[in-house]
Amino acid sequence: MPRHYNFSAGPAALPQPVIEQMRDELLDWNDQGASVMEISHRSEPLLALLKTVEADFRELLGIPDNYRVLFLPGGATAQFSMLPLNLLGDKSSVDYVNGGYWSQKAITEAERYCDVNVVTSLITEQPFHVAPVSEWKLNPDSAYLHYTSNETIEGVQFNNIPDVEIPLVSDFSSEILSREIDVSRFGLIYACAQKNFGIAGITLVIVREDLIHQPSPLLPSIFRYGLQSEKGSLVNTPPTFPIYVTGLVLKWLLGLGGITAIEAVNRRKAEKLYEFIDSDDFYCNPVAPEWRSMMNAVFKLADDSLTADFITQAKAVGLINLKGHRSVGGIRISMYNALPESAIDQLIEFMADFKQSRG
Ligand code: PMP
């Protein structure tokens with residue numbers, strides 16, 4: 001059976017060459033006579049792999065030397081708790097932008113530990129947008145300001161990094177490595193692996209050294225940024241296979257020409273798709289153009305009763321995982337780095353045919 005074009009929001013499609021290399025190396029990795037899953041995480045080749053993965057992230061993202069790079073357990077969701085538990089220091093409040101579903105999750109977790117000041121919320125009268133920073137109710141005494149750079153479910157993305165005085169913390173789960181970012185503008189960036197750089201199991205945390213405070217003695221070891229940093233992310237046995245897959249994805253990306261090269265492709269994919277959606281009112285996207293996500297495009301069919309048929313017909317021509325998140329319905333097209341431009345071309349062709357036959 002051929003592989004389909006997979007528009008899944010996550011776990012998401014991996015680059016084809018990466019899957020092929022995994023297949024080829026499955027029985028014997030790196031002349032070990034065993035797979036990468038069957039050797040010690042403290043063995044020489046595994047430690048070398050971890051070093052390479054960190055170095056490749058540093059190169060791709062231009063991470064300054066005063067930032068630590070950690071690979072942590074618990075998905076992006078664990079970070080929702082680790083942030084306040086590690087970064088609060090002697091402060092008692094944190095600022096959050098409530099930009100959508102994932103911001104709300106982060107807020108709910110942070111509320112267990114401290115006062116959460118919601119500085120602004122996504123405006124959901126159409127077109128969806130976020131108010132300018134000058135209108136946010138910022139608290140200069142908060143430990144940090146958190147925002148979700150790309151809201152995977154609503155398809156809303158920040159074009160610009162907010163300019164604020166306190167350390168900026170951002171969830172980059174659904175956009176990391178898709179476009180250039182200036183890491184030095186942030187106190188901390190985190191992202192789960194299973195959308196843009198691998199498979200579920202590790203979470204990338206990039207944290208500025210001076211923000212790592214001594215946390216409460218009650219905080220478990222694996223959730224301490226300081227300890228994880230000291231131990232090279234090896235406080236316990238790390239998920240070695242996800243780290244290996246990440247290594248392959250990063251080499252693939254470097255081989256393509258890094259972020260500049262992939263960003264150009266990503267921009268083309270998103271522009272084409274939005275242009276087609278906007279070409280008439282058969283399909284409609286609720287987000288203001290400057291807030292539209294380059295990674296997750298959401299839209300509804302003007303006649304919602306056609307949605308299920310749209311998904312079924314798409315699947316029949318090899319376009320899979322188009323269904324919008326259960327909380328919002330409609331269609332969601334996730335187009336992370338590994339989704340080739342030809343997938344978007346074929347999708348647009350399908351959408352045009354579907355419109356013609358049902359419109
Ligand atoms: N943040 C964002 C923006 C996400 O899209 C997701 C997952 N879809 C998460 C956090 C949660 O990630 P995880 O399931 O790895 O905890």
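Quick notes on this one:
- Residue-wise HN-Hα coupling along the range 296-303, computed from phi with Karplus coefficients 6.51, -1.76, 1.60 (Hz; x: Gly, Pro): 10, 9, 10, 7, 10, 8, 3, 9
- Estimated dipole of the range 88-185 in Debye, rounded to 20 [Cβ of Lys and Arg +1, of Asp and Glu -1, Cα centre]: 120 debye
- Dipole of the chain, positive direction: furthest Cα of Gln16, Ser178, Gly359, with charges on the beta-carbon: Gln16
- Surface composition of the chain: carbon and sulfur atoms hold 51% of the protein heavy-atom accessible area at a 1.4 Å probe.
- C-alpha center-to-center spacing [the range 235-255, the range 3-32] in angstrom: 11 Å
- Tensor-based shape of the range 178-232 (alpha-carbon gyration tensor, a/c under 1.5 rounded, otherwise prolate or oblate): oblate
- Shape category assigned to the range 259-319 from the gyration tensor of Cα positions, a/c cut at 1.5: oblate
- For the range 188-202 versus the range 144-163, the gap between their alpha-carbon centres in whole angstrom: 16 Å
- Net charge over other residues, Cβ less than 13 angstrom from the Cβ of Phe241 (K, R count +1; D, E count -1): -2
- Only protein heavy atoms count here; on that basis, with a 1.4 Å probe, Phe354 has an accessible area of about 10 Å².
- Sparse packing (at most 15 other Cβ atoms within 10 Å of the Cβ) combined with a DSSP loop state is found for the following chymotrypsin sites (Phe, Trp or Tyr not before Pro) in the range 92-122: Tyr113.
- Euclidean distance of C-alpha centroids, the range 78-110 and the range 301-359, integer Å: 34 Å
- Over the range 1-124, accessible surface divided per residue gives 49 Å², non-protein components excluded, 1.4 Å probe.
- Pairs of Cα atoms farther than 15 Å apart, the range 285-359, %: 57 percent
- DSSP beta bridge pairing in the chain, given as percent antiparallel to the nearest 5: 55 percent
- With the whole protein complex present, Thr152 retains an accessible surface near 10 Å², based on a 1.4 Å probe.
- Cα shape, the chain, gyration tensor, a/c 1.5 rule: oblate
- Assigned charges on the beta-carbon of Lys, Arg, Asp, Glu; the chain dipole about Cα centre (debye): 620 debye
- Selection from Val94, Val116, Asn6 lying farthest towards where the dipole of the chain points positive, charges on Cβ: Asn6
- Residue separation of Ile123 and Glu38 scaled by 0.36 nm, minus their Cα-Cα distance, works out to 25.6 nm of gained length.
The values are calculated or read from the model by the stated rules, or taken from the named source; none is laboratory data. Predicted model only: the values in this text are computed from it and were never measured. FYI the Cβ positions are ideal-geometry reconstructions off the backbone, even for glycines, and counts take in every protein chain you see. Surface accessibility is based on the protein's heavy atoms, side chains included, excluding ligands, DNA and RNA. Shrake-Rupley method; radii C 1.70, N 1.55, O 1.52, S 1.80 Å.
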